[in-house]
Structures are given as structure tokens and as C-alpha cells.
Amino acid sequence: MILCLWQGVGRSLGVLLLTIGVLQPWTDTAHDVLINETAEILAVKGAGDALVLSPGRREGFTRGVWPELWGQANETWQTTDALSCDSEGCLINAEGKTVSLAFTDAAVSEDCQRVDVIVAKVPSWQLCKSGVRIDRFDVWRHGAHALWIEGDDIRIERVSDFTGRRIWTQPTWR
């Protein structure tokens with residue numbers, strides 16, 4: 001409606017901005033790992049950049065919203081080619097980098113020196129002091145995290161990077 005009311009250069013600029021907005025979803029690259037704000041749900045990129053959620057039933061709202069936003073893969077956590085798992089955690093090999101999804105303290109200690117990134121459901125700051133790590137306290141402080149592996153670069157985006165640190169977004173002890 002605004003495009004119909006605008007005249008001259010404003011209308012042309014509006015059409016350009018609308019075109020950019022419509023094309024944006026196809027230019028964005030899919031994340032390699034998603035971690036929700038409680039570290040209860042992990043998701044990895046499956047075939048066709050669709051989302052493969054970690055098994056379980058907790059955090060039902062997130063389990064419903066994420067597939068709507070990024071598409072649900074036909075694969076399950078156990079059958080995806082991107083993961084190799086055991087009872088302690090999983091390893092992802094992407095773009096020549098190795099990411100550890102650690103469920104226990106033992107997995108964090110085991111994978112600390114041999115992976116590029118550790119995503120831990122448990123606090124890991126005392127167990128591993130090297131490399132890139134995202135643990136339960138990081139998601140508690142900064143909200144959900146998304147991780148991209150792009151060649152030699154590892155890019156991490158956190159919810160707090162976009163919402164800022166306001167009094168109503170400060171973490172509280174539960």
C-alpha cells in the first residue's frame with residue numbers, strides 16, 4: 001500500500017528494499033549447529049540444509065518452532081551422516097573442522113584437545129580451557145547460539161548480540 005502512495009525516488013527505493021527483503025532467505029547460509037537457551041536441544045544441519053533435532057521430548061515449544069523456521073530433515077539424530085555418536089556425545093566433521101557435542105564431563109575432558117569447537121550440555125570452563133567452547137553457562141548468559149563453519153573461520157551468533165544487555169534480559173538464578 002505504501003508503494004502505491006509514494007511518488008518518485010521513494011517508490012523506486014521502496015521497490016528495491018522490498019526485492020532485497022524477498023530474496024534474503026535464499027542468500028543466507030544454513031547454520032551447522034544450533035543450541036537453545038537451556039542447552040537442552042541441539043540441532044545440526046542435515047541433508048539439504050534441513051534441521052536434525054537432538055532426540056527427546058523436552059522444550060516442546062522450541063521443537064515446534066525451529067523446524068518451521070529452518071525445515072525439518074527426514075533424517076533422525078542417529079541416522080544423519082553428519083554425526084558420529086556414542087553415549088557420551090557426538091562428533092561433527094564439517095568443512096575440515098571437528099565439533100564435539102558433549103553430554104557429559106567425561107566427553108568434554110576427552111575431546112578438549114582434539115576438536116576445534118566444544119558444545120557442552122554441562123559446565124565446561126574448568127574441564128577445558130582451550131579452543132572455542134559453548135557450554136551451559138554461555139547459553140544461560142547469552143541465550144541461544146548458532147554456529148557456522150565457513151572454511152577456516154568459525155562464526156558464532158548469540159541472541160544477546162542482537163537484543164543487547166537490558167535489565168529484563170539478564171539471567172536469573174533458578
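The values are calculated or read from the model by the stated rules, or taken from the named source; none is laboratory data. Small disclaimer: the values here were computed from a predicted structure and weren't measured. FYI the Cβ positions are ideal-geometry reconstructions off the backbone, even for glycines, and counts take in every protein chain you see.
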(request) Could you please find all residues in the range 112-132 being at pLDDT below 80 and not in a loop (DSSP other than H, G, I, E, B)? (result) Val132
(request) With respect to Arg155, determine if the residue is surrounded by fewer than 17 Cβ atoms within 10 Å (Cβ to Cβ), assigned by TED's automatic domain parsing to the domain that holds Leu51, more than 18 Å from Glu40 (Cβ to Cβ) and modelled with pLDDT of 80 or more. (result) yes
(request) Considering only residues that are outside any helix (DSSP H, G or I) and more than 30 Å from Ala144 (Cα to Cα), look in the range 1-46 and name the one that is modelled with the lowest pLDDT. (result) Met1
(request) Can you tell me which residue within the range 57-110, out of those that are buried (at least 18 other Cβ atoms within 10 Å of the Cβ) and hydroxyl-bearing (Ser, Thr, Tyr), is modelled with the highest pLDDT? (result) Ser100
(request) Specify the residue that is nearest to Asp152 (Cα to Cα); the eligible residues are those in the range 98-130 that are more than 16 Å from the chain's Cα centre (by Cα) and basic (Lys, Arg). (result) Arg114
